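Asks: Below you will find the structure I want to go over with you.
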Amino acid sequence: MIALGGNAMTGPDGSATPAAQRAALAVAAAAIAEVVAAGVEVVLTHGNGPQVGNLLVKNEMAAAVVPPVPLDWCVAQTQATVGFTLADELDAALAARGLDRRTAALVTRTLVDPADPHFLAPSKPVGRYLPAEEAARFVALGQRWEDRGARGWRRVVASPEPRSVVDAPAIAALVAAGFVVVCAGGGGVPVVEGGGPLSGVEAVIDKDLTAALLARELGADTLVVATDVPNVVLGWGTDAVRPLGRVSPAELRAHAEAGEFGSGSMGPKVEAALRFVEGGGDRAVVTSLENIADAVTGDAVGTVLTAA
């Protein structure tokens with residue numbers, strides 16, 4: 001299981017134009033193709049922060065003309081667009097290496113608990129800042145916005161815990177049929193059970209936590225969390241930065257509980273690695289995109305977490 005970070009889908013300057021996203025995904029696809037070429041069965045998930053942010057801006061700008069679409073729809077739309085583009089680029093990268101493999105992209109639902117306490121206290125910021133009078137229009141539609149001071153108002157949503165990946169059996173079937181699978185983008189479309197059909201909810205799920213959950217559900221032996229740095233480090237932002245190489249779950253958990261990792265950056269990636277290994281997975285690696293192939297085939301790169 002490989003979880004791609006947001007840097008895999010934007011240009012070097014953070015640009016999220018379609019051309020920049022495709023170019024960035026081509027780079028990611030080349031790295032992933034090297035893993036497939038080594039004979040490894042691969043399932044991919046990805047972030048969608050910039051893409052959902054763009055859709056929310058379109059919602060805001062067109063609100064007087066067409067009804068805004070709900071957040072679960074935005075997640076589904078970005079899964080489709082990123083999945084389609086990544087599948088195209090990965091198919092091309094596989095063909096360039098003479099590999100007879102194909103990619104399948106699957107819009108994926110993730111079950112959450114409607115009683116999750118995060119629904120009572122939404123705190124995950126999404127989208128852009130707006131003046132109070134513009135934000136008020138969306139508050140009237142039932143959205144929650146918070147005053148962030150001089151920068152303006154920003155929408156906040158719940159970020160509930162992933163409970164199960166609804167479409168895991170379909171993903172497993174595609175893997176068994178020989179496909180490289182792109183799925184669970186942005187953590188999956190959040191859905192709840194209510195005695196009838198599943199229904200989407202206004203929330204976003206951390207994609208790394210979903211990746212760890214899905215990896216366990218599929219029986220994957222390795223979880224690779226790709227980010228923009230080669231290692232998890234201690235003392236980030238200080239003069240005493242120390243990269244972590246091979247580390248035990250107990251040691252990494254202690255560092256996490258001591259507040260070493262930011263909740264909006266490295267924290268979820270570390271938590272995902274810990275949950276995977278503590279939940280029975282063999283091995284988790286947090287490293288940069290260019291190190292993916294080496295991370296899968298050995299212990300020489302990145303921050304490596306094993307049960308033993």
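The values are calculated or read from the model by the stated rules, or taken from the named source; none is laboratory data. Only a predicted model underlies this, so the values are computations on that prediction, with no experimental measurement involved. All Cβ positions, glycine included, derive from the backbone under ideal geometry; neighbour counts span all protein chains shown.
Asks: Is at least one residue of the stretch 8-15 part of a helix (DSSP H, G or I), of a type outside the set (A, V, I, L, M, F, W, C) and over 19 Å from the mean Cα position of the chain (by Cα)?
Replies: No, the stretch 8-15 contains no residue that is part of a helix (DSSP H, G or I), of a type outside the set (A, V, I, L, M, F, W, C) and over 19 Å from the mean Cα position of the chain (by Cα).
Asks: I would also like to ask the following. In the stretch 237-275, how many residues are under 27 Å from I32 (Cβ atoms) and either in contact with a Gly (Cβ under 6 Å, 6 or more places away or on another chain) or not in a helix (DSSP H, G or I) (or both)?
Replies: 9
Asks: If a residue has to be in a strand (DSSP E or B), among the hydroxyl-bearing types (S, T, Y) and farther than 21 Å from T210 by Cβ to count, how many in the stretch 289-308 make the cut?
Replies: 1
Asks: Would a scan of the stretch 202-217 turn up a residue that is in a strand (DSSP E or B) and buried (at least 22 other Cβ atoms within 10 Å of the Cβ)?
Replies: Within the stretch 202-217, one or more residues are in a strand (DSSP E or B) and buried (at least 22 other Cβ atoms within 10 Å of the Cβ).
Asks: Using the structure shown, decide if L44 is outside the structural domain of R128 (by TED's automatic domain parsing) and over 14 Å from the mean Cα position of the chain (by Cα).
Replies: no
Asks: Pick from the stretch 56-78 the residues that are more than 17 Å from the chain's Cα centre (by Cα) and assigned to a helix (DSSP H, G or I): which of them is farthest from G127 (Cα to Cα)?
Replies: Per the stated criteria, the residue is M61.
Asks: Follow-up. Sort out which residues of the stretch 2-24 are among the β-branched types (V, I, T), at pLDDT below 85 and under 30 Å from R283 (Cβ atoms), and write them in order of number.
Replies: T10
Asks: Out of curiosity, is D228 closer than 30 Å to T85 by Cα, of a type in the set (D, E, K, R) and surrounded by fewer than 19 Cβ atoms within 10 Å (Cβ to Cβ)?
Replies: Criteria met by D228.
Asks: I would also like to ask the following. Can you find a residue in the stretch 276-285 that is more than 20 Å from T10 (Cβ to Cβ), outside any helix (DSSP H, G or I) and modelled with pLDDT under 90?
Replies: Within the stretch 276-285, not a single residue is more than 20 Å from T10 (Cβ to Cβ), outside any helix (DSSP H, G or I) and modelled with pLDDT under 90.
Asks: Write out, first by first residue and then by second, each pair whose Cβ atoms fall under 8 Å of each other, whose residues are 6+ apart or on separate chains, and whose first residue, in the stretch 48-77, is under 18 Å from G188 (Cβ atoms) and among the β-branched types (V, I, T) while the second is modelled with pLDDT of 90 or more and not in a helix (DSSP H, G or I).
Replies: V52/V204; V75/G188; V75/V189; V75/P190; V75/V204
Asks: Residues of the stretch 49-66 being modelled with pLDDT of 85 or more, surrounded by 14 or more Cβ atoms within 10 Å (Cβ to Cβ) and touching a strand residue (DSSP E or B) at 6+ places or on another chain (Cβ under 7 Å), which ones?
Replies: Selection gives V52, L56.
Asks: Among the residues of the stretch 230-243, which ones are within 23 Å of S159 (Cβ to Cβ) and touching a strand residue (DSSP E or B) at 6+ places or on another chain (Cβ under 6 Å)?
Replies: Answer for the stretch 230-243, where residues must be within 23 Å of S159 (Cβ to Cβ) and touching a strand residue (DSSP E or B) at 6+ places or on another chain (Cβ under 6 Å): just V232.
Asks: Also, I was wondering about something else. Do the conditions hold for D294, that is, is it under 15 Å from D221 (Cβ atoms), of a type outside the set (G, A, S) and at pLDDT below 95?
Replies: No: the conditions fail for D294.
Asks: Just one of the numbered conditions (1) of a type in the set (A, V, I, L, M); (2) crowded, with 16+ Cβ neighbours inside 10 Å; (3) modelled with pLDDT of 95 or more; (4) not in a strand (DSSP E or B) is not true of A170; which one?
Replies: (2)
Asks: What is the residue count in the stretch 119-134 for residues that are within 20 Å of P268 (Cα to Cα) and either at pLDDT 95 or above or among the basic types (K, R) (or both)?
Replies: Looking only at that region, the number is 1.
Asks: Within the stretch 274-289, is there a residue that is aromatic (F, W, Y) and under 21 Å from the mean Cα position of the chain (by Cα)?
Replies: Within the stretch 274-289, one or more residues are aromatic (F, W, Y) and under 21 Å from the mean Cα position of the chain (by Cα).
Asks: Right, something else. Yes or no: G83 touching an Asp or Glu at 6+ places or on another chain (Cβ under 8 Å), among the small types (G, A, S) and surrounded by 15 or more Cβ atoms within 10 Å (Cβ to Cβ)?
Replies: Against the criterion (touching an Asp or Glu at 6+ places or on another chain (Cβ under 8 Å), among the small types (G, A, S) and surrounded by 15 or more Cβ atoms within 10 Å (Cβ to Cβ)), G83 does not qualify.
Asks: Mind listing whichever residues of the stretch 237-267 are farther than 23 Å from A28 by Cα and either surrounded by 15 or more Cβ atoms within 10 Å (Cβ to Cβ) or not assigned by TED's automatic domain parsing to the domain that holds A28 (or both)?
Replies: Of everything in the stretch 237-267, those that are farther than 23 Å from A28 by Cα and either surrounded by 15 or more Cβ atoms within 10 Å (Cβ to Cβ) or not assigned by TED's automatic domain parsing to the domain that holds A28 (or both) turn out to be L244, V247, P249, L252, R253, H255, A256, E260, F261.
Asks: Does the stretch 126-173 hold any residues that are charged (D, E, K, R) and over 20 Å from A212 (Cα atoms), and which are they?
Replies: Selection gives R128, E133, E134, R137, R144, E146, D147, R148, R151, R154, R155.
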